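S.K.: Just passing along the structure, written as structure tokens.
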Amino acid sequence: MIVLGADTHKRSHTIAAVSAPAGELVGEQTVQVGAKGFAALVLWARELGSERVWALEDCRHVSGSFERFLIERGERVVRLTTKLMADSRRRARGRGKSDSIDAIAVARAALREGLDALPAAQLQGPELDLRLLVDHRERLVRQRVALNNTLQWHLHDLWPELQLPGSSLFYGTWGPRVARRLARAEQTMRVRIARDELRRIRELSHTITALEAEIAQLVAQIAPHLLAEPGLGPLTAAKLVGEIAGVGRFASDAKLARAAGVAPIPVSSGNTNRHRLDRGGNRQINATIHRIAVTRLRCHAETQDYIARKRAEGKSTKEAIRCLKRHLARRIWHLLQPPHPGQGTPPPPSIS
């Protein structure tokens, strides 16, 4: 078995081939990004052995074209998170940094973690479209917040007595009222800038609203079962579907939980038997599951009973929520499973 670790960059990719399970370096190649360079890498890799796995650090835009090229040609590809690689580089014996050192570190990290334990890469379908829409909306929301902060200070400088709720200019009647007041004021440079910022905020709000409607429609087609769950609205469900990028990449709910960083890590020794928080994994999935847990704890009776039972067992509230997040990862994995012909989607496990 040959493991090919890749250090990907915008202009070039460096590949290091190591043998399994020893991790001994077999060969290295550096090529320019593009179909010609990718094809040369595949030919070189096939000469090394018939059994091979490509290990790519999940750098999205940088590694995406190479990943798709490999999968389309029948190559097996697994992904390593950037956080996992950061930890691996800190623990590496070799000092220094280069493309070759990083490529070897990727391959050896894949061997250390276990090739079957890592999420497999696959060609992106509608999940990619959903993730792109969610990411685009989040960028626009950040721009709107930044504009709103600046505009609020301009308005305070113009009219200190004016009291505006934090997001009042995004919706409702406050925006038109402030616009009319700015239009009647003396057109100083500050007023002109404030009017321009208010106009851009209103344009962004219209775009964000349209994106939210499109996201809701798309997630209803891809994962309708998620929308029926307490604590999951269209935006939360879309975030999950886009970041998981196909639940088929995970052979079990345990692998999804590990990839999301919600599976506890054992730290037992001697007579001490305990687990600690996993700070690795996909932090976007982790944060989304945490929001679901907190929302369900506030308004879902079954979840409240579950947390109460965990508290009765001697766990703190934080520890009980960690248990809940692990259960939610299992439930989400079941809900995203494709339906079986004639049977439908199997019912997910309930909280117990």
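The values are calculated or read from the model by the stated rules, or taken from the named source; none is laboratory data. Computed from a predicted structure; not experimentally measured. No Cβ is skipped: glycine too gets one built from the backbone with ideal geometry, and neighbour counts run over all protein chains shown. Side chains are part of the model used for accessible areas, which takes the heavy atoms of the whole protein and leaves out ligands, DNA and RNA. Shrake-Rupley method; radii C 1.70, N 1.55, O 1.52, S 1.80 Å.
S.K.: At R0 = 35 Å, how high is the FRET efficiency between T82 and R46 if r is their beta carbon distance? Nearest 0.05 is fine.
M.R.: 0.80
S.K.: Using Cα pairs closer than 8 Å and at least 6 residues apart in sequence, work out the relative contact order for the stretch 188-305, in percent.
M.R.: 19
S.K.: Using DSSP to call loops (not H, G, I, E or B), can you name the trypsin sites (Lys or Arg not before Pro) in the stretch 178-283 whose Cβ has at most 13 other Cβ atoms within 10 angstrom? It would help to have the intermediate numbers written out before the result.
M.R.: Working: sites: R180, R181, R184, R190, R192, R195, R199, R200, R202, K239, R249, K255, R258, R274, R276, R279, R283; in loops: R274, R279.
Counting only loop positions with at most 13 other Cβ atoms within 10 Å, the trypsin sites (Lys or Arg not before Pro) in the stretch 178-283 are R274, R279.
S.K.: In degrees between 0 and 90, to the nearest 10, how far off the longest principal axis of the chain does helix 174-184 point, with axes built from Cα atoms?
M.R.: For 174-184 against the chain, the angle is about 60 degrees.
S.K.: Working from Cα positions, state the angle (0 to 90°, nearest 10) between the long axis of helix 126-158 and the longest principal axis of the chain.
M.R.: 40
S.K.: Give the separation of the Cα centroids, the stretch 322-341 to the stretch 135-154, in Å.
M.R.: 34
S.K.: What distance in nm separates the simple spin-label points at W153 and R190, each placed 7 Å from Cα in the Cβ direction?
M.R.: Calculated label separation equals 1.2 nm.
S.K.: For the pairs K10/K239; K255/K315; K239/K325; K10/K36, note any where the Cα-Cα span goes beyond 21 Å. If you can, show how the numbers build up before the last one.
M.R.: Numbers: K10/K239 27 Å; K255/K315 25 Å; K239/K325 16 Å; K10/K36 15 Å.
In this structure, K10/K239; K255/K315 lie more than 21 Å apart at Cα.
S.K.: At 1.4 Å probe size, put L43, L218 in order of accessible surface, largest to smallest.
M.R.: So, going from the largest accessible area down, we get L43, L218.
S.K.: Starting from the stretch 1-49, pick out the GluC sites (Glu not before Pro) whose DSSP state is loop and whose Cβ has at most 14 other Cβ atoms within 10 Å.
M.R.: E24
S.K.: Tally the DSSP beta bridges in the chain and give the antiparallel ones as a percent, rounded to 5.
M.R.: 70
S.K.: I would also like to ask the following. Over the chain, average the accessible area per residue using a 1.4 Å probe and give it in Å², no decimals.
M.R.: I get 54 Å² per residue for the chain.
S.K.: Compute the long axis of helix 82-91 from its Cα atoms, compare it with the longest principal axis of the Cα atoms of the chain, and write down the angle in degrees, 0 to 90, nearest 10.
M.R.: Its long axis makes an angle of about 50 degrees.
S.K.: Let me ask something additional. For a quick check of understanding: with a 1.4 angstrom probe and all protein chains in place, what accessible area in square angstrom does V262 have, to the nearest ten?
M.R.: 10
S.K.: Read through the labelled values (i) 1.06; (ii) 0.99; (iii) 1.08 and report the label of the one computed as Rg/Rh (Cα atoms, Kirkwood Rh) from the structure.
M.R.: Here the calculated entry is (i).
S.K.: Just the accessible area for S50, please: 1.4 Å probe, Å², rounded to the nearest 10?
M.R.: Estimated to the nearest 10 Å², S50 gives 110 Å².
S.K.: For the full complex of protein chains and a 1.4 angstrom probe, list D135, D157 by accessible area with the highest value first.
M.R.: Heavy-atom accessible area, descending, gives D157, D135.
S.K.: Considering the dipole of the chain built from charges on the beta carbon (Lys and Arg +1, Asp and Glu -1) around the Cα centre, which of W44, L240, V267 is farthest to its positive end?
M.R.: Comparing the listed Cα positions along the dipole, V267 ranks first.
S.K.: Gain in length, V267 to K97, computed as 0.36 nm per residue apart minus the alpha-carbon separation, to one decimal in nm? Please report the intermediate quantities before stating the final value.
M.R.: On the way: separation 170, 0.36 × 170 = 61.20 nm, distance 3.11 nm.
That works out to 58.1 nm of additional length.
S.K.: Find the relative contact order for the chain and round it to a whole percent, using C-alpha pairs within less than 8 Å whose residues are 6+ positions apart.
M.R.: Numbers: 464 pairs, mean separation 46.0, N = 352.
Result for the chain is 13 percent.
S.K.: Please give the contour-minus-distance gain from T209 to V141: 0.36 nm per residue of separation, less the Cα-Cα distance, rounded to one decimal in nm.
M.R.: My answer for the length gained is 23.4 nm.
S.K.: At R0 = 22 Å, how high is the FRET efficiency between R283 and S65 if r is their beta carbon distance? Nearest 0.05 is fine. Please list the in-between numbers first.
M.R.: Working: r = 25 Å, r/R0 = 1.12.
Efficiency at R0 = 22 Å is approximately 0.35.
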